[in-house]
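Reviewing the structure listed below.
The values are calculated or read from the model by the stated rules, or taken from the named source; none is laboratory data. This is a predicted model, so every value here is computed, not measured. Neighbour counts run over all protein chains shown; Cβ positions are idealised from the backbone, glycine included.
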Amino acid sequence: MEKALVLDSGLCTGCEQCEVACSTVHEGVSNPATSRIKVFNFHDEGRFVPYTCTQCDEAWCMQACPVDAITVAGTGAKVVSDTLCVGCKVCTIACPFGTVNYNPATGKVLKCDLCDGNPACAAACPTGAITYTDASATGYAKMQSWAKATDAGAQASA
Amino acid sequence: MSWTQKILRVNLTKGTCTPEPLNMEWADKYLGQRGLATKYLTEEIDPKVDPLSPDNKLIVATGPLTGTAAATGGRWSVITKGALTGAIACSNSGGFFGAELKFAGWDMVIFEGKSKKPVYLLIQDDEATLVDAADYWGRTVWETEKGLKAEHQDPQIRVASIGQAGEVGVKFAGIVNDLHRAAGRSGVGTVMGSKNLKAIAVRGTKGIAVNDQAAFDIATSAAKAVLAENGVTGEGLPAMGTQVLMNVINETGALPTRNHRDSQFEGANDISAEAMAEPRRSDGKPNLVRNGACFSCTIGCGRISTINPEHYTVKDREQYQIASGGLEYEAAWALGAANGVNDLDALTFANFICNEQGFDPISFGATVGAAMEMFEMGVITPKDTGGLDLTWGNAETLTTLAELTGRGEGFGAEIGLGSKLLCEKYGHPDLSMSVKGQEFPAYDARGIQGMGLTYATSNRGACHLRGYTVASEVLGIPEKTDPLSSDGKAGLVIAFQDATGAVDSAGLCVFTTFAWSMDNIAPQIDAACVGDWSVEKLLEVGERVWNLERKFNLDAGFTGKDDTLPKRLLKDAAKSGPAEGKVSELGKMLPEYYSLRGWTKDGVPTNDTLSRLVL
């Protein structure tokens, strides 16, 4: 079954444990600068929003890559091969969401690879803001809460 | 490994930035942050130095766990001789700045001398430069942080800066990072301002490795599970923040009210966590927007709040109709109960101003309380205050004074002296509720006996974060002791002081110790750092740091006579609640404390104690 990362900003406290976990798993050091997931702090609104690659089905990054360094893994993740990547950055331009980024330290690009089906960010998140669930039911929790809320209204009128 | 093993020495007089290797022999004895920076400071400055002279130094320090996956591994500290106290100062902050400094490759920055003109330090990984700060001098913390990010076209820069309070010499100015986290106490921002140093802006992309990643993963994961499952760190603090304490401490009869004249506040519930969660009539929203975490923190106790848009403080000032750092317990107490104000929006606004202009809400609120008492006595008159009515409970006076103090204007310039100098100026030194010049936080020493000893012996002046025996005496952590009894409190205070010294030196947050014992902490440090870091070794670090700080203060001219409390707490009994009729039994606890510490009856560490601790 294909799974996907589900990000719930309502639960995010902005602690960046996800960024630490991501960079540690991929680079061996705690270094948010190389994290494939980022938490944005919209200070004036009091909102923390985690954001990363959604693994587009027809991925712009993959189609744009001139050396075919981006391929589809068994998890559905679009994965960059460091051996093939030439650091041309065309994928960083092609991605409409900005989730592919260049790493000057290695001359390669960084993007979420779903950690081979065991995303470190989801495991590290202390509040459940990041989960890895059935890709066909990413709206399940939201539907469930709205079902409850709207049905409570119906009950009140009945 | 976990230490970057590199420090940056910034000579502001010469305008130079020079890297140096970290003294690893000292790191093995003092661990990091509070301990290690205190070692550097005490080796490098004359304890008798004027805190505001160029010969004082200011050290910005991280711990070995700062920037790592260890829960709460985002702490950093400022170590200097305090402007408010003239004693050793160590002010600890969270947020994201400290971790960023580590990611850039630096354990510490030592500032020495004084710049001829205002400058800020820009660190981008290995590159460090002093930059002209003419455009930022005279600006607030909030303007400075936004300006620096815009100037360098880098929204990921982290900034620690002083506001106008630090520039104009408010004695309790702090250093604020990430808009609303602060190294708030003892006047560390005043020292920074005296050096013409406006800000430190850091961007780090190098990251932090630990010594044994596999062992570190196991130790940190286990410790995070302990935090998650604990009632205080897993539920109470995320949901209600430290403000969970407001009603609890009031019921304990230890909520100092109106400059410690009373020890229970009739308006406590109006300024509590419960009140912050209550939807208001105007826009249907509560004061509390949500909780927020510092770097790597899985507790997330931080409050993010808004002010009622119809409140007088913000009605015509859109720039304050935003979410920002809300009331923590100490701030809510100092701005509220200490001067009898029960207007939650006024307190939230005053707290915004403390963050925006960079000054300590505890010392500010407590000093306003002392001024209000002298106003009631007729010692301070409307002529002195520029017409301000300092009657107890006047919210508009509180918020006006916050703005005036931040800019050093009008009667705010007198509040900016701190309560000790203010009360001396008006001839009533006894009315300053302080130790070594630093105002008390939010626990009455008559109702929580251990805290009286904690305050009296605290090396940086009155402080709850040097030995939080409230955990034991009120919350029953790790085990319940009677808050009204002084029996056994000397040993309890010492245990808390030493453990806190180790936690502060590691780069962790002391709030973890609501759930963690040293048995949870030691394996994390041991896995992260080279060397063997047992519980025993860590507690010895804590004790060593305590004695080193003590030694500095004695060399600076403090004596055992300064380990005392204001007469009000020693002579005037609490008037209501469970502590009614009680005074602080400091006189009983202090000799036992000295003896258990291995100090003489005058409070001087004996040679045996010093040599045992390799001092």
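Observations on the model:
- Extreme residue, farthest from the other protein chains (Cβ to nearest Cβ), among residues of segment B:273-330 that are of a type in the set (Ser, Thr, Tyr) and in a helix (DSSP H, G or I): B:Tyr329
Yes/no matrix, rows are residues, columns are (1) within 24 Å of the chain's Cα centre (by Cα); (2) at pLDDT below 95; (3) surrounded by 24 or more Cβ atoms within 10 Å (Cβ to Cβ):
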site	(1), (2), (3)
B:Ala495	yes, no, no
B:Asp504	yes, no, yes
B:Thr513	yes, no, no
B:Ser534	no, no, no
B:Glu549	yes, no, yes
B:Leu554	yes, no, no
B:Gly560	yes, no, no
B:Ala574	no, no, yes
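- Verdict on B:Arg158 being surrounded by 23 or more Cβ atoms within 10 Å (Cβ to Cβ), away from every other protein chain (no Cβ under 12 Å) and not hydroxyl-bearing (Ser, Thr, Tyr): no
- Residue-level analysis places A:Gly98 among those that are within 14 Å of chain B (Cβ to nearest Cβ) and free of Cβ contacts under 8 Å to residues at least 12 places away in the same chain.
- Residue check for A:Thr83: away from chain B (no Cβ under 14 Å) and surrounded by 15 or more Cβ atoms within 10 Å (Cβ to Cβ): no
- Qualifying residue in segment B:169-187 (condition: in contact (Cβ under 8 Å) with a residue 24 or more places away in the chain, on the phi > 0 side of the Ramachandran plot and within 14 Å of chain A (Cβ to nearest Cβ)): yes
- Among (1) surrounded by 23 or more Cβ atoms within 10 Å (Cβ to Cβ); (2) touching a Cys at 6+ places or on another chain (Cβ under 9 Å); (3) farther than 27 Å from B:Gly193 by Cβ, the one test that B:Ala370 misses: (3)
- Unique match (being within 12 Å of chain A (Cβ to nearest Cβ) and out of contact with any strand residue (DSSP E or B) (no Cβ under 8 Å at 6 or more places or on another chain)) among B:Thr140, B:Thr220: B:Thr220
- So A:Leu110, is it more than 14 Å from every other protein chain (Cβ to nearest Cβ) and either surrounded by 21 or more Cβ atoms within 10 Å (Cβ to Cβ) or not acidic (Asp, Glu) (or both): no
- Members of segment B:342-365 that are over 20 Å from the mean Cα position of the chain (by Cα) and of a type in the set (D, E, K, R): B:Asp343, B:Asp345
- Residues located in segment B:165-179, provided they are closer than 22 Å to B:Gly418 by Cβ and surrounded by 24 or more Cβ atoms within 10 Å (Cβ to Cβ): B:Ala165, B:Gly166, B:Glu167, B:Val170, B:Lys171, B:Phe172, B:Ala173, B:Gly174, B:Ile175, B:Val176
- Some residue of segment B:62-77 being within 17 Å of the chain's Cα centre (by Cα), assigned to a loop (DSSP other than H, G, I, E, B) and among the charged types (D, E, K, R): yes
- Helices (runs of 4 or more DSSP H) contained in segment B:442-536 and holding at least 1 residues polar (S, T, N, Q), under 24 Å from B:Gly560 (Cβ atoms) and touching a helix residue (DSSP H, G or I) at 6+ places or on another chain (Cβ under 9 Å): B:449-457, B:489-506
- Checking each residue in segment B:366-401 for being under 22 Å from the mean Cα position of the chain (by Cα) and touching a residue at least 60 places away in the same chain (Cβ under 8 Å) picks out B:Ala366, B:Thr367, B:Gly369, B:Ala370, B:Leu398, B:Thr399.
- Condition check for B:Thr609: surrounded by fewer than 20 Cβ atoms within 10 Å (Cβ to Cβ), assigned to a loop (DSSP other than H, G, I, E, B) and hydroxyl-bearing (Ser, Thr, Tyr): no
- When segment A:6-36 is filtered for residues that are hydroxyl-bearing (Ser, Thr, Tyr), more than 9 Å from chain B (Cβ to nearest Cβ) and part of a loop (DSSP other than H, G, I, E, B), only A:Ser35 remains.
- When B:Ala219, B:Ala273, B:Ala225 are checked against the criterion of being within 27 Å of A:Gly128 (Cα to Cα), modelled with pLDDT of 95 or more, surrounded by fewer than 21 Cβ atoms within 10 Å (Cβ to Cβ) and among the small types (Gly, Ala, Ser), B:Ala225 stands alone in meeting it.
- Residue among B:Glu43, B:Glu25, B:Glu20 that alone is free of Cβ contacts under 8 Å to residues at least 40 places away in the same chain, acidic (Asp, Glu) and part of a strand (DSSP E or B): B:Glu20
- Residues that are touching a strand residue (DSSP E or B) at 6+ places or on another chain (Cβ under 6 Å) and polar (S, T, N, Q) were ranked within segment B:343-389; the one that is nearest to B:Pro566 (Cα to Cα) is B:Ser363.
- Qualifying position, being surrounded by 14 or more Cβ atoms within 10 Å (Cβ to Cβ) and within 24 Å of B:Leu554 (Cβ to Cβ), among B:Ile7, B:Ile45: B:Ile45
- Among the conditions (1) among the aliphatic types (A, V, I, L, M); (2) within 24 Å of the chain's Cα centre (by Cα); (3) closer than 19 Å to A:Ala33 by Cα, the only one that B:Leu122 does not satisfy is (2).
- Only one of the numbered conditions (1) within 30 Å of B:Met433 (Cα to Cα); (2) touching a Ser or Thr at 6+ places or on another chain (Cβ under 6 Å); (3) surrounded by fewer than 24 Cβ atoms within 10 Å (Cβ to Cβ) is not met by B:Gly300, and that is (1).
- When A:Ser136 is tested against (1) touching a residue at least 60 places away in the same chain (Cβ under 8 Å); (2) closer than 26 Å to B:Arg158 by Cβ; (3) touching an Asp or Glu at 6+ places or on another chain (Cβ under 9 Å), just one condition goes unmet, and that condition is (2).
- Residue selected from segment A:37-52 under the condition surrounded by 21 or more Cβ atoms within 10 Å (Cβ to Cβ) and closer than 18 Å to B:Ala99 by Cα, by the criterion nearest to the other protein chains (Cβ to nearest Cβ): A:Val39
- Each residue in segment B:224-269 was checked for being more than 14 Å from chain A (Cβ to nearest Cβ) and among the charged types (D, E, K, R), and 5 of them qualify.
- Qualifying position, being in contact with a helix residue (DSSP H, G or I) (Cβ under 9 Å, 6 or more places away or on another chain) and closer than 30 Å to B:Ser263 by Cα, among B:Leu548, B:Leu586, B:Leu596, B:Leu539: B:Leu586
- Residue pairs meeting the criteria (Cβ under 9 Å; at least 6 apart or on separate chains; first at pLDDT 95 or above, in segment B:109-125; second among the hydroxyl-bearing types (Ser, Thr, Tyr) and crowded, with 20+ Cβ neighbours inside 10 Å): B:Ile110/B:Tyr40; B:Phe111/B:Thr80; B:Lys114/B:Ser194; B:Pro118/B:Tyr136; B:Tyr120/B:Tyr136; B:Tyr120/B:Thr144; B:Tyr120/B:Ser161
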